[in-house]
Amino acid sequence: MLHIVYGGVGAGKSTFLMEKLRTDLCGGKTVRTLVPEQFAFTYDKNLYDALGVSDFNRCRTGSFRSLTAEILSEIAAAPRDAADDVIKTVVLHRVLQNLSKSHGLRYYGTQADQPAFFSELQNQLSELMQSGSTPEALIDAASRIQGSLPEKIFDIARIYADYLDELERMGMRDTLCDTVTAAAAADGSRLFCGQTVYLDEFESFTGDQYIMLEVILRDCTDVWIAMRTDDPNAPDYSRFDAANLTCRRLCRLASELGAACEMHPLTDLRRFHDASLSHLSRHILTADLPPYPGPAAVKICEARDMTLEVEYTAAMIRKLLMEHKAVCRDITVVTHDLSSYGALLEAAFSRYEIPCFMDLHRSVLHTAVMKLPLCLLALAHRTTTEQLLLFLKTQLSPLPPEDAARLENYAFTWDIEYEQWETPFLSETDADGEAETLRNTVMQPILDFRRQCGGGNSPVPGSKLCRALYGCIDALGIPLRVGGLASRMKDNGDVTGGRALRKLWNRFTEILDALHDALGETPLTPIQLSSLLTTVLRQNRIALPPQMLDAVTVQSAAAARFDAPRIVFILGVNEGTFPADIASGGFFSEQERSMLAEAGIALSRSVRDLCADERLIVCKTISAASERLFLSYPLTSESGKHLQRFPVNHIGKLWLMSRFVHE
């Protein structure tokens, strides 16, 4: 039987499920929980606090990913090893190379070598695998569609099929296909028979997750799902549209399986300690606009620019802490643009001595450790002053900063460029030979590297190219320099920075090892390896765990998982930013997605889905605080660009409150 527990933000859905789960455990039932991967730790912690040690240990907790791994290990062992991101990137790169050489693509033939095409293709294949679609299903759908779309579908299906075949030839598999494989293995295995499954914190499900849910609904005694909506039958494009669409699809799925569906509404918003916040949460983004009669626990700040906005935020937090109205862990700062606000918040919180944990996964591509091998590969192809100076300024070059500056001055004074770096400097311009000594220290290992690469323009086996790259790095003394720099950072009190540097270096060596093994005898030039390495690095992000227990949490609105904060600051609440403007992207337009859906290929993340997600993000973020809410917006960006003003004049229509303090 399917049970859907629904209610608005703060209605106590998780608490309701945990109380029901405790009752089932006391009754001797076998219980399992499923939550999104990113929320698994927090949910397990809350469940442990609610149930206690004994009951918690009797409950199987996890996510769809851990459930898939459990099924593949216990019921149907995965037939091949799992390919990591590096191997998948190399395989897809090889497939595109082969199809480009054989002119096997009709629609995308001229785009196959473009880096932007490669990145979009990776996202499209991931979407297809998570939707449960196969190459055969794509070809079948294309045969029933008119116009130019079939040509596009045939090309994608060809790439998709060759990609899976190449992985199979290597004895590997893409883990994005595992959920469908696991669902097929669980179907008929009686794994879920007699179990009660609880699902929480989901707004929607991917196609492969629906396939697993079908097996769960068919075999389980009861399935309980919490959905964030106050009316599953609300009109389309309402504020909880994403959850409403999910509820309707779940009910249809239960009906098709002959399972009863029972709805459990929760109407009381129990999270809020202030009635004005409850009023705001209940009416945000609805057509009902009743004004709140009393004082509101909400403040709005208009700042001249982002720096002053962040300064205001830090000052208010410091004031709350000094007045003992909150501790750091009670406060959460949220923004839709953490990449722009992150550095500003870190600097301001440091000045105000506010400990914080920033849930920001930074790309490794633009770090010094990762720039260095990319510079060396570019220099192996051709020596340019720009690339050489970029290499010297990574803090990991063989020259100390003062010598690097001296060599840079010499290069600009005498206009040194290209092949002039590869031959000794003239004594007329370098009388004491100091610049020549510096040039030779840097260039000799690079020129040796170029000779091992066939002169920099001829393809050589990929594994040989990777070995030559690391040999050049070793000859330049980079590994020892990384260790020394990390130790100095630690001695100077920057323990976190030292750990991050070592972590980055270890990650680079792991990536290079994986590329070496995956490329094998595949011929590549340094430029091609640089493009491939850039693609791999772009997918890698580094995150640092919290360094202290009591800290202000800074999160991105789109990825935020709130753990009952008392006070919330929302930054960057500008028109077109919060909620964000939605733009369609990817290989298929909205019309093409509709045509694919009619042909049996249901891709996720349509524009309607994205709009629904954005409205939900706004509702969830606005409703996160239980005691006080601060909204702020800048009039200009850091670059001086004018930003759309927060709609204060229409605040009744947007925020549904009548008593705000505008500072």
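The values are calculated or read from the model by the stated rules, or taken from the named source; none is laboratory data. This one's a predicted model, so the numbers in the text were calculated from it and none came from an experiment. In this analysis, Cβ positions are derived from the backbone assuming ideal geometry, glycine residues included, and neighbour counts consider all displayed protein chains. Side chains included, ligands, DNA and RNA excluded: accessible areas come from the protein's heavy atoms. Shrake-Rupley method; radii C 1.70, N 1.55, O 1.52, S 1.80 Å.
Going by the structure shown, is GLU575 modelled with pLDDT of 90 or more, acidic (Asp, Glu) and either within 19 Å of the chain's Cα centre (by Cα) or farther than 27 Å from SER14 by Cα (or both)? Walk me through how you get there before you give the answer.
Details: modelled with pLDDT of 90 or more: no; acidic (Asp, Glu): yes; either within 19 Å of the chain's Cα centre (by Cα) or farther than 27 Å from SER14 by Cα (or both): yes.
So GLU575 does not fit the description; no.
Applying the set (1) touching a residue at least 60 places away in the same chain (Cβ under 8 Å); (2) out of contact with any Ser or Thr (no Cβ under 6 Å at 6 or more places or on another chain) to ASP200 leaves exactly one unmet item: (2). Restricting attention to region 72-84, does a residue exist that is within 21 Å of LEU213 (Cβ to Cβ) and charged (D, E, K, R)? There is at least one residue in region 72-84 that is within 21 Å of LEU213 (Cβ to Cβ) and charged (D, E, K, R).
Selection of region 311-333 for residues being touching a residue at least 40 places away in the same chain (Cβ under 8 Å), closer than 26 Å to LEU643 by Cβ and out of contact with any Phe, Trp or Tyr (no Cβ under 6 Å at 6 or more places or on another chain) yields TYR312, MET316, ILE317, ILE331, THR332.
Scanning region 38-53 turns up one or more residues that are over 21 Å from the mean Cα position of the chain (by Cα) and either outside any helix (DSSP H, G or I) or within 18 Å of MET172 (Cβ to Cβ) (or both). Residues in region 385-397 that are open to solvent by 30 Å² or more (accessible area, probe 1.4 Å) and touching a residue at least 12 places away in the same chain (Cβ under 8 Å): GLN387, LEU390, GLN395.
How many residues does region 507-546 contain that are in a helix (DSSP H, G or I), within 21 Å of the chain's Cα centre (by Cα) and not hydroxyl-bearing (Ser, Thr, Tyr)?
Counting residues in region 507-546 that are in a helix (DSSP H, G or I), within 21 Å of the chain's Cα centre (by Cα) and not hydroxyl-bearing (Ser, Thr, Tyr) gives 10.
Take the conditions (1) in contact with a helix residue (DSSP H, G or I) (Cβ under 6 Å, 6 or more places away or on another chain); (2) open to solvent by less than 30 Å² (accessible area, probe 1.4 Å); (3) closer than 24 Å to VAL536 by Cα; (4) not in a loop (DSSP other than H, G, I, E, B); PRO150 misses just one of them, which is (3). Does LEU245 fit the bill of being under 26 Å from the mean Cα position of the chain (by Cα) and open to solvent by 10 Å² or more (accessible area, probe 1.4 Å)? It is true that LEU245 is under 26 Å from the mean Cα position of the chain (by Cα) and open to solvent by 10 Å² or more (accessible area, probe 1.4 Å). Scan region 165-195 for residues that are open to solvent by 40 Å² or more (accessible area, probe 1.4 Å), of a type outside the set (Asp, Glu) and in a helix (DSSP H, G or I) and the total you get is 6. Filter region 368-384 for residues that are open to solvent by 10 Å² or more (accessible area, probe 1.4 Å) and either within 17 Å of VAL536 (Cα to Cα) or within 32 Å of the chain's Cα centre (by Cα) (or both) and give the result. Scanning region 368-384 gives ALA368, LYS371, LEU374, ALA378.
The residue pairs whose first member lies in region 351-378 and is within 29 Å of VAL552 (Cα to Cα) and touching a residue at least 40 places away in the same chain (Cβ under 8 Å), whose second member is part of a loop (DSSP other than H, G, I, E, B) and open to solvent by less than 40 Å² (accessible area, probe 1.4 Å), and whose beta carbons are closer than 6 Å, counting only pairs six or more residues apart or on different chains, are PRO355/ALA551; CYS356/ALA551; PHE357/ALA551; HIS361/ALA543; VAL364/ASN540.
This table checks each residue for (1) open to solvent by less than 50 Å² (accessible area, probe 1.4 Å); (2) in contact with a helix residue (DSSP H, G or I) (Cβ under 7 Å, 6 or more places away or on another chain); (3) under 30 Å from MET227 (Cα atoms).
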position	(1), (2), (3)
ALA259	yes, yes, yes
LEU269	yes, yes, yes
HIS273	no, no, yes
SER278	yes, no, yes
ALA297	yes, yes, yes
LEU338	yes, no, yes
TYR341	yes, yes, no
LEU345	yes, yes, no
GLU353	no, no, no
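Within region 497-512, the residues that satisfy the criterion of being open to solvent by 50 Å² or more (accessible area, probe 1.4 Å) and in contact (Cβ under 8 Å) with a residue 12 or more places away in the chain are ARG499, ARG502, LYS503, ARG507. Of all residues in region 448-479, those that are over 35 Å from the mean Cα position of the chain (by Cα) and open to solvent by 10 Å² or more (accessible area, probe 1.4 Å) total 9.
Inspection of region 6-20 identifies no residue that is among the acidic types (Asp, Glu), assigned to a helix (DSSP H, G or I), modelled with pLDDT of 90 or more and buried (at least 17 other Cβ atoms within 10 Å of the Cβ).
Across region 43-89, the number of residues qualifying as touching a Gly at 6+ places or on another chain (Cβ under 8 Å) and farther than 30 Å from VAL536 by Cβ comes to 0.
Among the residues of region 54-77, count how many are part of a loop (DSSP other than H, G, I, E, B) and open to solvent by less than 40 Å² (accessible area, probe 1.4 Å).
In the first step, residues of region 54-77 are kept if they are part of a loop (DSSP other than H, G, I, E, B); the result is 58-59, 61-63, 75-77.
Those still in the list that are open to solvent by less than 40 Å² (accessible area, probe 1.4 Å) too: 59, 62-63, 76.
Qualifying residue count, region 54-77: 4.
Screening ALA564 on (1) on the phi > 0 side of the Ramachandran plot; (2) among the aliphatic types (A, V, I, L, M); (3) free of Cβ contacts under 8 Å to residues at least 12 places away in the same chain shows it passes everything except condition (3).
Considering region 126-160 alone, what residues qualify as being within 15 Å of THR89 (Cα to Cα) and without any contact (Cβ under 8 Å) to a residue 40 or more places away in the chain? Write out each step before concluding.
Start the filter on region 126-160 by keeping residues that are within 15 Å of THR89 (Cα to Cα), which leaves 126, 159-160.
Listed by number, the list holds a single entry, TYR160.
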